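Undergrad: One structure, as structure tokens, below. Some questions next.
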Amino acid sequence: MKAREELLLLLGTGPKSFSELRESLQYSKGHLSNELSTLEQEGLVRKIRRGKNLLLTLEDNYDAHKLGELYMAAVTHGIDPARLEADCFRKAWLHLKNSGESTLREVASSSGCSYSTTYSIITDMLKRGLAEKTRGKPLTVRLTLHEVNRLLANLWIQEGLNIVSSYTSGYPLMRTVWGTPGAIEEKLFKKARGLVVEGVRLRRKVEEPLEFVIPIEGKVDAEEVFLREIQTPNGVEETCIHLITEGKVRYDELLRRASERGLVNVVGCYLDILRSIHTDLIPRETVETFQRQVDTSHVPQFLAEEAKYGKEGWEAEFEGKWSVDLYLDLRGIRHGIRSVT
Amino acid sequence: MEDQSVDTLEHIAEHIIVIGGWAVRAWARPPRGLMRYTIDIDGVAEESKMGQVESILQEQHLRREQAEWGLRFRKDYVPQSQEAKGFMKTWKDPLEVRVEISPTRMYEADGEHFFEFEPHETIRREIRSRGSRQPLSVKVPTSQYLMANKVGLGADYKNRYDAAILALQADLEQVASIIVSTDKWKDIVIRQLPRFLGRTRQPTDLAATLLEENGYRTSSCLKGLAQLKKLLEEGDLPQAS
């Protein structure tokens, strides 16, 4: 480990005076002083006064906090944090994160690092439990659910948070945010007030805009949010409509994922209903594309949780066409469309 | 933002009955003191006044839009104060003041069923924006009429939130009488109320969350809605005058 990592690790355990740091580490006074100065400039470390003593501590920001947490987790698992900071390690790790599973050659090619360096990185990751082998020949690996991988994702992956929809008329002014748990953790760190997390009773004071945060595991993009929200009343009456009118939905990708999850009938039917209320919302070709992939071998309920309210009498036309059992509140959908068009 | 909405409303206030967010605002007093936010203007007007309302809004340089059911206008919100400009930087999405004025008889999409606001069943109340401008006196329906309309609308979280608040103060027998006196509105309400109740009872429901955030007890609000449902199911209600 280098001085930088050592300092962040030590300060992660609490504020320390400069003399305490000097007594704990083997580096010269000048070297420590320079490193601390750099860390202060990076906004990771700051000075505080406790009585007569001047102490150094991690900054009160998310990055410093997560870095300290990462280094502690790394060391406790026998992983040198300095290795995590290496450029080739980061590139290899990001490639595996994005690709899911890769051969050694693919990692090397993507990262631009030599085969031998990549080999060294990957074997070390395998040894430390950060990666696991999925195939022997050629050697193919993927990341594990190791705590250090989770913390690295929090620090290195920026796309975990997605403000997919915003509402102009709220109680108070409110926007909905979908995010991975890591991204939501960052939000909790940065925002003390005006935050509501779905399913959790936070007693925070209200501050506008109020952010209503919904955790999603895995990738957070418009299609993922759409497929999650289409199975909820608020989703079909507002969120999915917002996603469509904001032009965020890629219909080919939506179809591909809906097909994988057996949701083509439901999604296609929904798009067809939207188009029937407001023709300009959904292109005719899009509805037709979904129609060509309807699975008539099963009849899913849409929305299952609203089945207890019965039907209203308009459903038959769409049920026959899309092989679904419909329980939607058409008035709610109309209201949702009207509010954005 | 609300100041600009109220500024626009002031020009047409004498010619319309305000419904929607501003009307609920006129009636609601949340325990935590945080008023229901709104920027849209919803109202109804007698047929004879629609032309005048339209002229006034056009003179105020609002953009007219097509709407089969009445008048629809929009205007971009332009932040004036430093605070508002700062806020818009964090909000990032454009905001508009939207004005929708319908006839007093509001038809459903099927063109057959309707709800009607009675011009004589209104009351003057003050609405206060959260900005710095003076309160504005407007005509709003009674809380009974507002609630009777709300519970027949779509069961989205906004309507459920409004209905829940109104249930705390409206005379529920009068609400029920209004509902049964209006066309086939009772059939629609009987169908919608179970959704209003059922959705709001869900642990992660947004309307319930927002009610609690503003200091309301969701259970008390739902009690009122349940009582209304019972009144309608039992029948034997006097017709509203």
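The values are calculated or read from the model by the stated rules, or taken from the named source; none is laboratory data. Keep in mind that this is a model prediction, so the values were computed, not measured. Note that each Cβ is placed from the backbone with ideal geometry, even for glycine, and that neighbours are counted across all protein chains shown. Protein only, heavy atoms only, side chains kept; ligands, DNA and RNA dropped before computing areas. Shrake-Rupley method; radii C 1.70, N 1.55, O 1.52, S 1.80 Å.
Undergrad: Consider only pairs whose beta carbons are under 8 Å apart and that are at least six residues apart or on different chains; among these, list those whose first residue lies in region B:202-218 and is within 7 Å of chain A (Cβ to nearest Cβ) and whose second residue is β-branched (Val, Ile, Thr) and open to solvent by less than 10 Å² (accessible area, probe 1.4 Å).
TA: Within 8 Å, the pairs are B:THR209/A:VAL196; B:GLU213/A:VAL196.
Undergrad: Would you mind finding the one in A:SER99, A:SER169, A:SER165 that is within 30 Å of A:ARG338 (Cα to Cα), at pLDDT below 90 and out of contact with any strand residue (DSSP E or B) (no Cβ under 6 Å at 6 or more places or on another chain)?
TA: A:SER169
Undergrad: So B:GLU233 passes all but one of these: (1) surrounded by fewer than 19 Cβ atoms within 10 Å (Cβ to Cβ); (2) under 20 Å from the mean Cα position of the chain (by Cα); (3) in a helix (DSSP H, G or I). Which condition number does it fail?
TA: Exception for B:GLU233: condition (2).
Undergrad: For region A:111-143, give me each residue that is in a loop (DSSP other than H, G, I, E, B) and either buried (at least 16 other Cβ atoms within 10 Å of the Cβ) or among the charged types (D, E, K, R) (or both).
TA: Answer for region A:111-143, where residues must be in a loop (DSSP other than H, G, I, E, B) and either buried (at least 16 other Cβ atoms within 10 Å of the Cβ) or among the charged types (D, E, K, R) (or both): A:CYS113, A:GLY129, A:LEU130, A:LYS137, A:LEU139.
Undergrad: Quick one: which of A:ALA108, A:ALA92, A:ALA73 is more than 25 Å from the chain's Cα centre (by Cα) and buried (at least 17 other Cβ atoms within 10 Å of the Cβ)?
TA: Criteria check complete, one pass: A:ALA108.
Undergrad: Next up: Does region B:101-110 include one or more residues that are open to solvent by 40 Å² or more (accessible area, probe 1.4 Å), among the aliphatic types (A, V, I, L, M) and within 12 Å of another protein chain (Cβ to nearest Cβ)?
TA: Yes, because at least one residue in region B:101-110 is open to solvent by 40 Å² or more (accessible area, probe 1.4 Å), among the aliphatic types (A, V, I, L, M) and within 12 Å of another protein chain (Cβ to nearest Cβ).
Undergrad: Follow-up. Give me the helices (runs of 4 or more DSSP H) completely within region A:1-82, filtered to those with at least 3 residues that are of a type in the set (A, V, I, L, M), ordered by residue number.
TA: A:3-11, A:29-41, A:62-76
Undergrad: Look at A:GLU285 and say whether it is at pLDDT 95 or above and within 14 Å of chain B (Cβ to nearest Cβ).
TA: No.
Undergrad: Ok, one more. Condition check: surrounded by 15 or more Cβ atoms within 10 Å (Cβ to Cβ), at pLDDT below 95 and either more than 14 Å from chain B (Cβ to nearest Cβ) or under 32 Å from the mean Cα position of the chain (by Cα) (or both). Does A:ILE241 satisfy that?
TA: It is true that A:ILE241 is surrounded by 15 or more Cβ atoms within 10 Å (Cβ to Cβ), at pLDDT below 95 and either more than 14 Å from chain B (Cβ to nearest Cβ) or under 32 Å from the mean Cα position of the chain (by Cα) (or both).
Undergrad: Can you name every residue in region B:38-85 that is open to solvent by less than 50 Å² (accessible area, probe 1.4 Å), hydrophobic (A, V, I, L, M, F, W, C) and in a loop (DSSP other than H, G, I, E, B)?
TA: Selection gives B:ILE39, B:LEU62, B:ALA67.
Undergrad: OK, next. Give the residue that is surrounded by the most Cβ atoms within 10 Å (Cβ to Cβ), with candidates limited to residues of region A:12-24 that are under 18 Å from A:LEU67 (Cβ atoms) and modelled with pLDDT of 90 or more.
TA: Filtering region A:12-24 for residues that are under 18 Å from A:LEU67 (Cβ atoms) and modelled with pLDDT of 90 or more, the one surrounded by the most Cβ atoms within 10 Å (Cβ to Cβ) comes out as A:LEU21.
Condition check ((1) open to solvent by 10 Å² or more (accessible area, probe 1.4 Å); (2) more than 17 Å from B:ILE17 (Cβ to Cβ); (3) part of a helix (DSSP H, G or I); (4) of a type in the set (Gly, Ala, Ser)) across all residues:
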| position | (1), (2), (3), (4) |
| --- | --- |
| B:VAL138 | no, no, no, no |
| B:ALA148 | no, no, yes, yes |
| B:GLU173 | yes, yes, yes, no |
| B:ARG191 | yes, yes, yes, no |
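Undergrad: Filter region B:193-217 for residues that are at pLDDT below 90 and part of a helix (DSSP H, G or I); which is most open to solvent (accessible area, probe 1.4 Å)?
TA: Here the answer is B:GLU212.
Undergrad: Kindly indicate whether B:VAL24 is in contact with a Ser or Thr (Cβ under 6 Å, 6 or more places away or on another chain), at pLDDT 75 or above and in a helix (DSSP H, G or I).
TA: The answer is no for B:VAL24.
A quick yes/no check of all residues on (1) in contact with a helix residue (DSSP H, G or I) (Cβ under 6 Å, 6 or more places away or on another chain); (2) assigned to a strand (DSSP E or B); (3) in contact (Cβ under 8 Å) with a residue 40 or more places away in the chain; (4) closer than 21 Å to B:MET50 by Cα:
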site: B:ASP110; (1), (2), (3), (4): no, no, no, no
site: B:PHE115; (1), (2), (3), (4): yes, yes, yes, yes
site: B:HIS120; (1), (2), (3), (4): no, no, no, yes
site: B:ARG130; (1), (2), (3), (4): yes, no, yes, no
